[in-house]
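Here's the structure, in structure tokens; my notes come after.
The values are calculated or read from the model by the stated rules, or taken from the named source; none is laboratory data. Everything quoted here is computed from the prediction, not taken from an experiment. Positions of Cβ are generated from backbone atoms using ideal geometry, with glycine treated the same way; all protein chains shown enter the neighbour counts. Heavy atoms of the whole protein, side chains included, go into the accessibility calculation; ligands, DNA and RNA do not. Shrake-Rupley method; radii C 1.70, N 1.55, O 1.52, S 1.80 Å.
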Amino acid sequence: MQAKKEPAKKVLTVGMELAYPPFEMSDKNGMPQGVSVDFAKALGKHLGREVVIENTAWSGLIPSLKTWKIDLIISSITITDERKKSINFSIPYAQSSLAILANKESGVTSIEELNTAGKKVAVKKGSTGHIYATKNLTNAEILVFDKENACVLEVVQGKADGFLYD
């Protein structure tokens, strides 16, 4: 009598950008860690599936999901009406607010002060800060970058008056 083979466990491929501590990040050895990684592992355990974290640039997360390169995204994505048109969201599990990282030389102490001609605001492309700045800081110059560290560097070097991020 031949023993039945256990069905192969399908891998659960989870997309996230490992650049948003404490939710998604890499440890000193480059291994994924953080709250979202823990959620992914717990989900995999519940489903009986091995989890593979696919570190994906922020701008590539939704396209990767829509083209089936990943099974789901766990990466601190703000739910917007525009995004709901193309992907489904779970029940929210965290809430954050926008904040300003301002250069001490800029004199900026409020969001209203950034909405001034001559002020430069750094934002990460596709982030909630980018969406907010585009709609509400129409008098400022919006500087769009792919990575948070580029935004921070602009502020530190005095090339931007503030970085808007959550």
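Data table
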{"item": "Local electrostatic count at Gly126 - Lys and Arg +1, Asp and Glu -1, tallied over other residues with Cβ under 11 Å", "result": "0"}
{"item": "Selection of chymotrypsin sites (Phe, Trp or Tyr not before Pro), the range 61-166, meeting DSSP coil and at most 14 other Cβ within 10 Å", "result": "Trp68, Phe89, Tyr93"}
{"item": "Above-threshold pairs, the threshold being 30 Å between Cα atoms, out of Lys135/Lys159; Lys41/Lys104; Lys84/Lys124", "result": "Lys41/Lys104"}
{"item": "Burial ranking of peptide ranges 79-87, 122-130, 106-114 (average Cβ count within 10 Å, highest at the top)", "result": "122-130, 106-114, 79-87"}
{"item": "Options (1) 119; (2) 135; (3) 210 - which one matches volume of the Cα convex hull per residue in Å³ as calculated here", "result": "(2)"}
{"item": "Theoretical gain in end-to-end length, Ala99 to Arg83 [0.36 nm per residue, Cα-Cα removed]", "result": "3.6 nm"}
{"item": "Sulfur and carbon atoms: percent of accessible area, the range 1-91 [1.4 Å]", "result": "56"}
{"item": "The range 29-125: proportion of alpha-carbon pairs further apart than 15 angstrom, %", "result": "72"}
